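Below is one structure, written out as structure tokens; comments come after it.
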Amino acid sequence: MSIGADQGLRVDAALHACVSGGRLTVGLCPECEEPHSSTASLQEALRASETRFRAAFTDAGIGMALVDADDRIIEANPALAEMLGRTVPELMRLHIHELMDVEEDPRRIYRELVRGDRDRIRVEKRLTHRQGHEVWTNITVSLIRGADGLPQYTLAMVEDVSEARRLGDRLHYQSMHDPLTRLPNRSLFFEQLAGAFDGTDRRVGLCYLDLDGFAAVNDTLGHHVGDELLVAVAHRLEQRFTARGHLVARMGGDEFAVLVPRSAGGAELAALAAEIVEILSAPYDLAGQRVVATASVGVVERGVPDGSPSELVKDADATLCWAKTDGRARWALYDPERIAGQMTRQVLATTMRPALERGEFVVEYQPLVGLQGAQGEAELLGVEALVRWQHPQFGKLAPDRFISIAEDTGAIVPLGRWVLETACRQARSWQERFPDRPLYVSVNLAARQFRDSDVVADVAEVLGTTRLPARLLQLELTESAFMGPTGRPLEGLHALAAMGVRIAIDDFGTGYSNLAYLSRLPVHVLKLAGSFVEGFHDTLAGGEAVDEQIVAALVQLAHTLGLTVTAEGVESEMQAAQLRATGCDSAQGWHYGRAMAAGGIDELLEREA
Ligand code: C2E
Ligand code: CA
Ligand code: CA
């Protein structure tokens with residue numbers, strides 16, 4: 001088979017890429033800028049072109065082949081033959097399927113080529129060397145059309161990239177493995193961990209471990225023994241756990257991780273951790289010496305939706321520290337309570353203000369219900385705004401953790417103002433969306449907000465900007481907060497009451513204040529501390545029922561003084577029933593609903609509507 005004159009023309013044209021996007025037209029070639037139009041000069045040009053092409057084809061350092069429409073090689077050059085360990089005549093009998101598998105995708109691209117949508121294709125292909133090994137190539141394919149414009153041949157230029165690819169593979173492997181132990185390294189670990197977090201309803205587990213007293217091994221026995229110990233530890237872990245589908249990785253130094261991408265639960269991880277401690281505590285024979293080492297393990301197991309990869313590792317690392325402080329050669333299971341112990345007052349105090357700016361605080365709302373409705377049904381009247389700190393490391397923190405710190409540092413002033421504004425904006429939104437169900441919002445105020453800021457001005461401004469009617473705002477102050485530092489009652493109260501805002505005495509009963517005295521101040525609501533309801537008798541009727549009588553008397557007194565009463569901490573239906581019997585006006589507690597995101601209140605309102 002040889003390349004005829006007319007083929008030569010098309011090849012020449014293809015090399016000039018003047019067939020791109022359409023058929024070759026005889027005319028001024030845009031590449032060589034020679035007129036090809038006259039017949040005589042055309043013949044001349046064809047011969048010259050064929051000679052040039054043949055020389056370029058045969059001598060090219062790059063592999064080249066001309067392939068017909070049936071995917072048969074009709075011309076190949078020596079460079080290609082050498083690349084594939086064959087001779088040129090041998091190649092010319094081959095179908096390209098014998099050299100590579102043609103997948104669907106290149107076929108599609110090929111059709112685009114034929115349609116003229118593209119003028120060349122570049123693919124990376126694995127060809128087979130005659131001796132069986134693979135040759136990675138970059139192949140550039142151009143289409144050559146006949147005089148009728150139909151595709152007749154393809155010209156493939158084949159570049160051997162095996163070496164570069166091997167190097168790339170090696171570099172990639174090296175970047176993902178630890179050279180000493182050959183275990184997957186941190187990068188590969190995090191890659192796989194991210195993969196484990198991809199599924200939704202699955203659980204992951206992580207054992208994070210390090211050797212106890214590894215530095216001492218290095219110091220007393222030398223670094224080479226230390227290295228051998230690490231290799232031996234890696235080997236034991238890999239032998240035992242890789243076959244089970246866990247990932248064993250070296251995280252750095254003497255730290256290793258065993259990742260269980262699909263955990264069956266905490267028990268599986270606890271058993272795994274115990275196994276790690278056990279297999280690593282058997283003596284090691286290193287460089288002719290018998291070395292005893294132990295490891296400590298931190299274990300975390302949780303559902304994928306409950307956290308992020310970085311949280312999992314951070315918690316496992318913290319848990320490892322507990323295992324160490326608890327005496328080493330042991331494992332510890334992650335315990336959120338213990339984490340809480342690590343967030344010292346100091347840490348929280350210094351990070352609170354920036355956290356407020358970063359938007360880490362959220363307000364939840366707990367239902368306040370009326371007790372004396374017609375059918376004895378609890379009716380949603382309002383909500384108490386309760387702040388939470390959505391801490392990036394410690395999770396959602398309850399106010400008991402940080403409010404007293406905020407009061408000490410003064411951060412309560414900006415925080416309290418933010419809560420006030422957030423709650424008022426939310427209440428206004430409910431009012432707009434559920435105009436028939438006016439809900440009031442009750443906001444806690446700390447004494448320091450009165451001392452260090454102009455609460456009256458703040459409230460006026462917030463009511464103005466949020467356009468919340470003052471009657472839908474209630475402010476809660478504890479008994480002690482009512483009295484300023486001088487022992488005189490707070491000055492701003494009258495101004496607040498004059499605006500139409502309601503004032504509540506929070507946690508009444510926990511201090512020693514005189515209700516009759518307090519009632520002379522502009523207050524409207526008495527909130528009974530949860531301890532009253534807690535003392536309600538478990539048995540209906542019968543028994544002394546002292547607490548019920550106390551509450552009934554307090555309610556009566558409060559009513560006489562012109563106050564309404566809200567009882568806190570109602571957790572059961574029985575408490576609710578007894579409370580109703582005391583004549584108490586409203587209540588709050590888990591029995592009616594826990595503090596929830598604003599959307600939860602939306603749902604309650606929608607259900608009623
Ligand atoms: P509080 O004002 O007495 O709020 C009621 C607390 O009792 C809330 O705790 C609430 O979740 C909890 N609680 C509600 N129902 C029940 C129940 O049936 N049983 C029991 N055992 N507890 C119940 P939370 O949200 O942890 O708030 C604790 C305290 O933090 C609040 O006590 C309040 O004094 C303070 N606080 C919360 N948010 C703010 C705020 O924005 N500013 C200020 N200054 N203090 C706040
Ligand atoms: Ca309160
Ligand atoms: Ca309270």
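Some values worked out for this structure:
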{"item": "Computed helical MRE - 222 nm, the chain, DSSP H runs ≥ 4 contributing -39500 (n - 2.57), nearest 500", "result": "-13500 deg cm²/dmol"}
{"item": "Electrostatic dipole magnitude of segment 251-376 [Cβ: Lys, Arg +1; Asp, Glu -1; Cα centre; debye, to 20]", "result": "280 debye"}
{"item": "Carbon/sulfur fraction of accessible area - the chain, other protein chains in place, 1.4 Å, %", "result": "51 percent"}
{"item": "Percent of beta bridges antiparallel (DSSP, segment 454-609, rounded to nearest 5)", "result": "5 percent"}
{"item": "J(HN,Hα) series, segment 567-575, from Karplus relation 6.51 cos²θ - 1.76 cosθ + 1.60, nearest Hz, glycine and proline x", "result": "9, 9, x, 7, 10, 9, 4, 5, 4"}
{"item": "Furthest towards positive pole of dipole, 445, 184, 495, structure part the chain, Cβ charges", "result": "184"}
{"item": "Charge tally in the Cβ shell below 11 Å around residue 286, where Lys, Arg are +1 and Asp, Glu are -1, residue 286 excluded", "result": "-2"}
{"item": "Under 11 Å, Cβ to Cβ, from residue 378 - net charge with Lys/Arg +1 and Asp/Glu -1", "result": "-2"}
{"item": "Whole-Hz ³J(HN,Hα) from phi, Karplus 6.51 cos²θ - 1.76 cosθ + 1.60, for segment 550-556, glycine and proline x", "result": "4, 4, 4, 5, 4, 4, 4"}
{"item": "Under 5 Å, built H, 5+ apart or other chain: amide partners of residue 391", "result": "396, 397"}
{"item": "For residue 222, residues with placed amide H under 5 Å, excluding near neighbours", "result": "none"}
{"item": "Options 536, 96, 329, ranked by Cα towards positive dipole end of the chain, top entry (Cβ charges)", "result": "96"}
{"item": "Cα-based helix-to-principal-axis angle, 266-281 vs the chain, degrees rounded to 10", "result": "70 degrees"}
{"item": "Nitroxide proxy distance, nm - points 7 Å out along Cα→Cβ at residue 140 and residue 498", "result": "8.7 nm"}
{"item": "Long-range HN-HN contacts of residue 526 with modeled amide H, under 5 Å", "result": "505, 564, 565, 566"}
{"item": "Rounded accessible area per residue of the chain, 1.4 Å, Å²", "result": "49 Å²"}
{"item": "Projected label distance in nm at residue 372 and residue 400, using a 7 Å step from Cα toward the beta-carbon", "result": "3.2 nm"}
{"item": "Under the Karplus curve 6.51 cos²θ - 1.76 cosθ + 1.60, θ = phi - 60°, whole-Hz ³J(HN,Hα) for segment 230-237, x wherever Gly or Pro sits", "result": "4, 5, 5, 4, 4, 4, 4, 5"}
{"item": "Amide N of segment 435-459 lying under 11 Å from the label point, which is placed 7 angstrom from the Cα of residue 488 along Cα→Cβ", "result": "none"}
{"item": "Using alpha-carbon coordinates, inclination of helix 412-433 to the longest axis of the chain, degrees", "result": "80 degrees"}
{"item": "Using alpha-carbon coordinates, inclination of helix 455-466 to the longest axis of the chain, degrees", "result": "50 degrees"}
{"item": "Set of aspartates and glutamates with alpha-carbon distance to residue 324 below 18 Å, sequence-local pairs under 8 removed", "result": "210, 212, 254, 255, 275, 278, 315, 335, 337"}
{"item": "Size of charge dipole - the chain - debye, nearest 20, with Cβ of Lys, Arg +1 and Asp, Glu -1, no other charges", "result": "620 debye"}
{"item": "Unit charges at the beta carbon, dipole of the chain: most positive-side option, 264, 193, 509", "result": "193"}
{"item": "Magnitude of the charge dipole, segment 112-244, Cβ model with Lys/Arg +1 and Asp/Glu -1, debye to 20", "result": "520 debye"}
{"item": "Summed side-chain charge close to residue 493 - residues other than residue 493 whose Cβ falls under 12 Å, Lys, Arg +1, Asp, Glu -1", "result": "+2"}
{"item": "Highest-first arrangement of 466-474, 90-98, where packing means the average Cβ count within 10 Å", "result": "466-474, 90-98"}
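The values are calculated or read from the model by the stated rules, or taken from the named source; none is laboratory data. All of these numbers come straight from a predicted model, not from anything done at the bench. No Cβ is skipped: glycine too gets one built from the backbone with ideal geometry, and neighbour counts run over all protein chains shown. In case anyone asks, the SASA skips ligands and DNA or RNA and just uses the protein heavy atoms, side chains included. Shrake-Rupley method; radii C 1.70, N 1.55, O 1.52, S 1.80 Å.
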